[in-house]
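Since every read-out is calculated from the coordinates, none of them should be taken as a lab result. Values in this document were obtained by computation on a predicted structure and should not be read as measured data. In this analysis, Cβ positions are derived from the backbone assuming ideal geometry, glycine residues included, and neighbour counts consider all displayed protein chains.
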């Protein structure tokens, strides 16, 4: 562009400004730093954790999505559902303005937040997921167990916090961004209730003991809009899942 900045012996301010902006964009791109992120070793079709052999069922590279089998035993699924049954309340969402929780028609499940390591069972699951994702236990939020009845759903949304919104931005102060998500399926569902990724044409069906993992950010730590996902409506039966969010720092 430099050779066209002078026309008929005159300096073109517009072209010069454009050249400066282009140079800055290039410099910014080159200086971006790849950040550590949770990820799963999918070089084989099984993963040996300290206490369980997990199956790698399906993988996607961009965005990073891994469908896993045998993550939890039937007994672990049943125990987690029973433990939270009496604690379930209507599931909220994070407000854009103040960062507080609020009820929204887009999310109609009931849920309960559990403390990290709250029981021996929960501590075991926390440790197993940390091993699968190769990410520190202390960087994980506590499990969130959700119950969906017929017609309940969670419409398309992101798990990452939007740094441009004042409410979600407050949540970045403690633990940083949500860089990864596990959705654990605690029961089979008669019909419906899958985890769908509308931009990808992908829907993961709920199977007891299975899980789906996805990265919420790109290699540079920026929110990945390809991770738009939804909990499809339950058509028949009941759906129990547990969410595990991984932060970029200790939480």
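Take the convex hull of the alpha carbons in region 121-251; its mean projected area over all directions comes to 8.0 nm².
Let's test the formula: R0 of 30 Å, r as the Cβ-Cβ distance of residue 165 and residue 203. What FRET efficiency results, to the nearest 0.05?
Result of the calculation: an efficiency of 0.60.
Label-to-label distance, residue 88 versus residue 157, with points set 7 angstrom from Cα along the beta-carbon direction: 1.7 nm.
Cα centroid separation, region 60-87 to region 120-146: 11 Å. Just grab the label-to-label distance for residue 81 and residue 134, each label 7 Å out from Cα along the Cβ direction, in nm (one decimal). With each label placed 7 Å out from Cα toward Cβ, I get 3.4 nm. Based on the reciprocal of the average 1/r between different C-alpha atoms, the Kirkwood radius for region 179-251 equals 13.1 Å. Pairs of Cα atoms nearer than 8 Å and 6+ residues apart set the relative contact order; for region 34-247 it is 27 percent. Want the number for residue 190 to residue 34: 0.36 nm per residue separation, take away the alpha-carbon distance, what's left? That works out to 51.9 nm of additional length.
For region 34-247, the spread of Cα positions along the three principal axes, ordered from largest to smallest, is 41, 41, 36 Å.
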